[in-house]
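Read the structure below first, then the notes.
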Amino acid sequence: MSSHSLFGPLDPAVDAGWEQAPGRKGFLTDTSVCIGCKACEVACKEWNAIPSDLGDGITGESYDNTSALGANTWRHVAFVEQSTPPAPAAPPAVDLGMPTLRAPDADAKPEFRWLMSSDVCKHCTHAACLDVCPTGSLFRTEFGTVVVQDDICNGCGYCVPACPYGVIERRAEAPGDKTKNAGIAQKCTLCYDRISDGDLPACAKACPTESIMFGDVDELRERGQQRVAELQEQGVTGARMYGDDPHDGVGGTGAMFLLLDEPEVYGMPPDPVVTTRDLPRMWKRAGLAAAGLAAGAALSLLGGS
Amino acid sequence: MVPEAEFTSYYGRPVVKESPWQADIPAYLFTGGLAGASSLLAAGAGATGRSTLARNSRVGALAAIGASTFFLIHDLGKPSRFLNMMRVFRPTSPMSMGTWLLAAYGPLTGLAAAHEIVGALPVGTRKVLPSVFTRALQATGRPAGWGAALVGPAVATYTAVLIGDTATPTWHDASGQLPFVFAGSAATAAGGLGMLTTPVPQSGPARRMAVGGVIAEQLAQAWMTRSMGLSVQTLHEDRAGTLLRLATVLSTAGGIGVVLAGAVSRKPRGATGAQLLSAVSGTALMAASACTRFGIFHAGQASARDPRYTVVPQRERVDAGHPVRSDRTPPGGG
Ligand code: SF4
Ligand code: SF4
């Protein structure tokens, strides 16, 4: 434990006591080249043997029927249809051969754009899910990632409301069949098994446009920042990094994103904070309140009957 | 009514997830408070020679903490793995700390209550018990009661940290004052139980504790609602709003009942009436405490389901140029 154990910049694997940490690994998801093919969702489901989850069925929300990250969706591709984009232009640089709804005239304002983004657990530097876990099921790996141990978790569900990004979820028992890990918290492991063998996470391997990149967090951060600068130069003023700042509310994330609009457009919080930053104050208040209760009880003894 | 803030979301879907907790957890918040404060009341009553109030409060504390433990285990996704909570000691996890508190508090309460129960048995029945057992209880019952009274206040207030230490907007926004609300609510409940179970001539401390609890809770709630920000709305709406309004009605009625019971008991031949009033208002006060816990629970759940309560305050911080950063002090200090 260091003075930044609850808040501020930190090397999470070292803080967790790993002596020979191989360097922090993470994702950079560059949404400017995402084509919404959902290969990542499928590859993740297949590799991790995640049960099917139709959620709300056909939602009518663009091409998105998985709707959110959850126990059975560890990669989630968001589809946003914008008819009056706040940013003046969609990314022009990469021609992916997608059918275009835009006039060929490059100067004309697009009337419609599609934002697609593959969301995932952020593997926070200060992971609230891990902080609050009372069994030690959630742990910090040598790669600085955050992983649930299925055989330890008792399904208390505390991690679920603790996560500021709404990622982790307790898996429900599907009626009538034996669901794997039912009642247990589930989320992305950053393919702990695969990366331990030097392989790429399943989603990164399946992504045909390299929208999902895996690697050293420091290197990915730099790559992302460079790409933002490039995009900005090309006039994509909405381009920005998300999660790359070690001074942000969660101490930066292991899974970073290059977004083309505000985070909340994609369903992400604009300024997330790890709840345990405030825990020392909460304990102090609870101590004061307990003392007050005891004092009140003593006072109540004064007087008759 | 605060004007609706404009904000963007992904098809109106939640940003944070609501807890998977069902009625077990608010019930746990209630019984934990009832138990913790009852142990305090029992110790005080015992020390001042109010033996019936002491006995009833000790037995009540045991029943309440028994129920608490049941709710806690019942709520788990894998109840068979309950004991996995005993494999770590983690100060950053209020649930871990709570488990250890219960592990200390439960046996102390059990001993104290067993001592009372055995003491209340007819002498003939008591003789049937092995004498080692009765002698062991004789030796440990009293110190255990003091131990329970020492840990009890923590049992009653740590639950505020339990729900406050989440990204659930209402709970987190309320976390600075919630321990005081819960302390007051615990006193209300324990006082109510004492009034319900104990003859008026002995239950003076229970009445005073209940009234003190009601006042403390109302003051703390007023402080809380003023400092919460946007999510305060969830305390007024839907199920939470109904429950919290009901809690206010019940605790006000209960409070008036307490005063009346005291007054009636001083009248000649007022004993029966006073006892009835005491029991009814005691029940109302316990119900008020339960309503407060369920109300705050549901307000939190609602705040997690609506992305407004997560996005709007964060967006406002960012737009004002004050995002949360570890290398800058926020405006207005810590
Ligand atoms: S995003 Fe949520 S689930 Fe993932 S590490 Fe951070 S707190 Fe845990
Ligand atoms: S549900 Fe499992 S992983 Fe989540 S906090 Fe509880 S024990 Fe830990």
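Each residue in the range B:56-97 was checked for being open to solvent by 40 Å² or more (accessible area, probe 1.4 Å), within 16 Å of ligand 1 (Cβ to nearest atom) and in contact with a Leu (Cβ under 9 Å, 6 or more places away or on another chain), and 0 of them qualify.
Any residue at all in the range B:16-27 that is more than 8 Å from chain A (Cβ to nearest Cβ) and among the charged types (D, E, K, R)?
Restricting attention to the range B:16-27, the residues satisfying the condition of being more than 8 Å from chain A (Cβ to nearest Cβ) are B:22-27.
With the extra rule that they be among the charged types (D, E, K, R), the set shrinks to B:24.
Within the range B:16-27, one or more residues are more than 8 Å from chain A (Cβ to nearest Cβ) and among the charged types (D, E, K, R).
State yes or no: is residue B:285 of a type in the set (A, V, I, L, M, F, W, C), closer than 27 Å to residue B:209 by Cβ and within 14 Å of chain A (Cβ to nearest Cβ)?
Values: of a type in the set (A, V, I, L, M, F, W, C): yes; closer than 27 Å to residue B:209 by Cβ: yes; within 14 Å of chain A (Cβ to nearest Cβ): yes.
Yes, satisfied.
A single entry from B:232, B:258 fulfils the requirement of being modelled with pLDDT of 95 or more, surrounded by 17 or more Cβ atoms within 10 Å (Cβ to Cβ) and farther than 24 Å from residue A:251 by Cα: B:232.
Looking at the range B:33-55, can you tell me whether even one residue there is within 16 Å of ligand 1 (Cβ to nearest atom) and either at pLDDT 95 or above or out of contact with any strand residue (DSSP E or B) (no Cβ under 7 Å at 6 or more places or on another chain) (or both)? Quick ask: steps written out before the conclusion?
Step one: filter the range B:33-55 for residues within 16 Å of ligand 1 (Cβ to nearest atom), giving none.
No, there is no match, as no residue in the range B:33-55 is within 16 Å of ligand 1 (Cβ to nearest atom) and either at pLDDT 95 or above or out of contact with any strand residue (DSSP E or B) (no Cβ under 7 Å at 6 or more places or on another chain) (or both).
Residues in the range A:162-185 that are more than 14 Å from residue A:121 (Cα to Cα), within 16 Å of ligand 1 (Cβ to nearest atom) and either facing chain B (nearest Cβ under 7 Å) or not polar (S, T, N, Q) (or both): A:170, A:171, A:184.
Within the range A:33-82, the set of residues being outside any loop (DSSP other than H, G, I, E, B) and polar (S, T, N, Q) comprises A:48, A:73, A:82.
Quickly run through the range A:19-65 and pick out the residues that are of a type in the set (Ser, Thr, Tyr) and crowded, with 22+ Cβ neighbours inside 10 Å.
Step one: list which residues in the range A:19-65 are of a type in the set (Ser, Thr, Tyr), which gives A:29, A:31-32, A:52, A:59, A:62-63.
Those that are of a type in the set (Ser, Thr, Tyr) and crowded, with 22+ Cβ neighbours inside 10 Å: A:29, A:31, A:32.
So which residues in the range A:276-301 are at the interface with chain B (Cβ under 7 Å from one of its Cβ atoms) and in contact (Cβ under 8 Å) with a residue 40 or more places away in the chain, if there are any at all? Result: A:276, A:279. Based on what the data block shows, is residue B:93 of a type outside the set (Val, Ile, Thr) and within 28 Å of residue B:185 (Cβ to Cβ)? So residue B:93 fits the description; yes.
The set of residues in the range B:163-177 being within 8 Å of chain A (Cβ to nearest Cβ) and not β-branched (Val, Ile, Thr) consists of B:164, B:165, B:167, B:171, B:172, B:175, B:176, B:177. Here residue B:180 passes the criteria (1) buried (at least 24 other Cβ atoms within 10 Å of the Cβ); (2) more than 13 Å from the chain's Cα centre (by Cα); (3) within 9 Å of chain A (Cβ to nearest Cβ) except the one numbered (2).
A single entry from B:269, B:328 fulfils the requirement of being surrounded by fewer than 24 Cβ atoms within 10 Å (Cβ to Cβ), more than 11 Å from every other protein chain (Cβ to nearest Cβ) and assigned to a loop (DSSP other than H, G, I, E, B): B:269. Please find, within the range A:132-166, the residue that is nearest to residue A:215 (Cα to Cα) out of those that are out of contact with any strand residue (DSSP E or B) (no Cβ under 9 Å at 6 or more places or on another chain) and assigned to a helix (DSSP H, G or I). Taking the candidates together, the pick is A:162.
Here residue A:5 fulfils each of the conditions (1) at pLDDT below 90; (2) open to solvent by 20 Å² or more (accessible area, probe 1.4 Å) apart from (2). Checked against (1) surrounded by fewer than 23 Cβ atoms within 10 Å (Cβ to Cβ); (2) within 16 Å of ligand 2 (Cβ to nearest atom), residue A:187 passes all but condition (1). The set of residues from the range A:192-202 being open to solvent by 10 Å² or more (accessible area, probe 1.4 Å) and within 15 Å of ligand 1 (Cβ to nearest atom) comprises just one member, A:192.
Per-residue answers, yes or no, for (1) in contact with a Gly (Cβ under 6 Å, 6 or more places away or on another chain); (2) crowded, with 19+ Cβ neighbours inside 10 Å; (3) closer than 25 Å to residue B:9 by Cβ; (4) modelled with pLDDT of 95 or more:
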| residue | (1), (2), (3), (4) |
| --- | --- |
| A:223 | no, no, no, yes |
| A:229 | no, no, no, yes |
| A:242 | no, yes, yes, yes |
| A:250 | no, yes, yes, yes |
| A:255 | yes, yes, yes, yes |
| A:259 | no, yes, yes, yes |
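Determine if the range A:148-160 includes at least one residue that is touching a residue at least 60 places away in the same chain (Cβ under 8 Å) and surrounded by 24 or more Cβ atoms within 10 Å (Cβ to Cβ). Working first, answer last.
Keep residues of the range A:148-160 that are touching a residue at least 60 places away in the same chain (Cβ under 8 Å), which gives none.
Scanning the range A:148-160, I find no residue that is touching a residue at least 60 places away in the same chain (Cβ under 8 Å) and surrounded by 24 or more Cβ atoms within 10 Å (Cβ to Cβ), so the answer is no.
Could you list, in sequence order, the residues of the range B:287-300 that are more than 11 Å from the chain's Cα centre (by Cα) and open to solvent by 10 Å² or more (accessible area, probe 1.4 Å)? B:287, B:298 - these are the residues of the range B:287-300 that are more than 11 Å from the chain's Cα centre (by Cα) and open to solvent by 10 Å² or more (accessible area, probe 1.4 Å).
Among the candidates B:40, B:34, B:29, single out the residue that is under 16 Å from residue B:143 (Cα atoms), crowded, with 24+ Cβ neighbours inside 10 Å and touching a residue at least 40 places away in the same chain (Cβ under 8 Å). Write out each step before concluding.
Details: B:34 fails: under 16 Å from residue B:143 (Cα atoms); B:29 fails: under 16 Å from residue B:143 (Cα atoms).
Only one candidate passes the filter, namely B:40.
Here residue A:180 meets the list (1) touching a strand residue (DSSP E or B) at 6+ places or on another chain (Cβ under 7 Å); (2) over 27 Å from residue A:21 (Cβ atoms); (3) assigned to a loop (DSSP other than H, G, I, E, B) almost entirely, failing just condition (1).
Give the residue that is nearest to the other protein chains (Cβ to nearest Cβ), with candidates limited to residues of the range A:108-161 that are out of contact with any helix residue (DSSP H, G or I) (no Cβ under 6 Å at 6 or more places or on another chain), near ligand 2 (Cβ under 10 Å from one of its atoms) and among the polar types (S, T, N, Q). The qualifying residue nearest to the other protein chains (Cβ to nearest Cβ) is A:137.
The values are calculated or read from the model by the stated rules, or taken from the named source; none is laboratory data. Values in this document were obtained by computation on a predicted structure and should not be read as measured data. Here Cβ is always computed from backbone atoms with ideal geometry, including for glycine, and neighbour counts include all displayed protein chains. These area figures cover heavy atoms from the full protein model, side chains too; ligands, DNA and RNA do not enter into them. Shrake-Rupley method; radii C 1.70, N 1.55, O 1.52, S 1.80 Å.
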